[in-house]
Amino acid sequence: MLIDPPNQKVLFEDSFTEADLAELLDGGQAFRWNRQKDGSWLGQWSRSICRIERSSDGKAACSLLTENIKDVRNTIRTYFGLDRNWRDLRDQLPWRSDNHLAQCIDTFPSLRILRQPFGETLLCFLCSATKQIVQIKQMCENLARTFGTEIAPGFYALPSWKQLAAVSEEDLRTCGLGFRARYIHATARIIAKNPGCLDEIENLPYPEARRRLMEFPGVGEKVADCVLLFGAGKLEAFPVDVWILRVMKDRYHLDRWSNSQIAHFGRIHFGALAGFAQQFLFSFERRTA
DNA sequence: AGGCAGGTGGCCA
DNA sequence: TGGCCACCTGCC
């Protein structure tokens, strides 16, 4: 049930512009946020429904609209990474010696990395191959409505991997997944055989977690890195997609380099927080495209 | 109206 | 290893 007025609100410390908020919630990290007519954002993860309201001074307030959430404050803190000092992390990026990165950071100063539920992140990014954000969101919504659980009138949670394991590939295709249906189906079957494996992988160190994720069909280097970055808080994960390749070629002048050489350069250049740096580059490039 | 899109896996030199 | 291609479908 929806609660009105909303229960406990959590205030963000940083200020956000409209563009900041749109980039954080709808910029390709998460696929379950929608801007409402009144300008607020409504989003979902697990069995939570969340509203974010931004006042004219840039302060953003977050509230959960679902009952039965034991620890509201903690749920929000985890998802938005409020337990990390992003200002400090941002300062550790090599912006002093990298003018382009500095410009990207200035453009989206309050950008951070979400910490989404691991299994849901895997599902969303299995949908992402050669699709744009709008279409990925549509696929996720279809999956939730068709195979997920209704948690409030009109709101559906994404199906669990257990729920997905009971669905045929053919039925998955009704969600408009295309060839991605095969990946999701096969991955669900593998997870069903070893139900604890996702929890296990989430808690592994980055290199091993990445290797294990890539054993799932449909999970290559890029998807694995997205899942670990946005769903496991591993900031060293550096997803290399077409946007990042373009950035590295155009802005870092790596003209004659192969894709894998470019990816390698990025990981070395940006270091232990490479994924955080990646998000600034990605957002900036998308905005100026 | 038709090409193209936040990739992956398989096959061939 | 490195490059090329099929794979589905809906949206601009």
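The values are calculated or read from the model by the stated rules, or taken from the named source; none is laboratory data. Keep in mind that what you see is a predicted model, and the values were worked out from it rather than measured. With ideal geometry, Cβ positions are generated from the backbone for all residues, glycine too; neighbour counts draw on all protein chains shown.
You will find that of A:Ala186, A:Ala224, A:Ala277, the residue that is in contact (Cβ under 8 Å) with a residue 24 or more places away in the chain and crowded, with 20+ Cβ neighbours inside 10 Å is A:Ala277 and no other.
Annotation: of all residues in segment A:157-175 being outside any loop (DSSP other than H, G, I, E, B) and in contact (Cβ under 8 Å) with a residue 40 or more places away in the chain, the one that is farthest from A:Ser48 (Cα to Cα) is A:Leu164.
Here's the yes/no breakdown for (1) basic (Lys, Arg); (2) assigned to a loop (DSSP other than H, G, I, E, B):
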site	(1), (2)
A:Leu114	no, yes
A:Thr121	no, no
A:Cys124	no, no
A:Thr130	no, yes
A:Gln135	no, no
A:Gln138	no, no
A:Asn142	no, no
A:Arg145	yes, no
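Scanning segment A:242-266 for residues being buried (at least 16 other Cβ atoms within 10 Å of the Cβ) and of a type in the set (D, E, K, R) gives a total of 1. Per the listing A:Asp91, A:Asp98, A:Asp71, A:Asp83, the residue uniquely closer than 25 Å to A:Glu150 by Cβ and not aliphatic (A, V, I, L, M) is A:Asp71. For the criterion of being surrounded by 15 or more Cβ atoms within 10 Å (Cβ to Cβ) and either touching a Cys at 6+ places or on another chain (Cβ under 9 Å) or in the same structural domain as A:Ala22 (by TED's automatic domain parsing) (or both), A:Leu198 fails.
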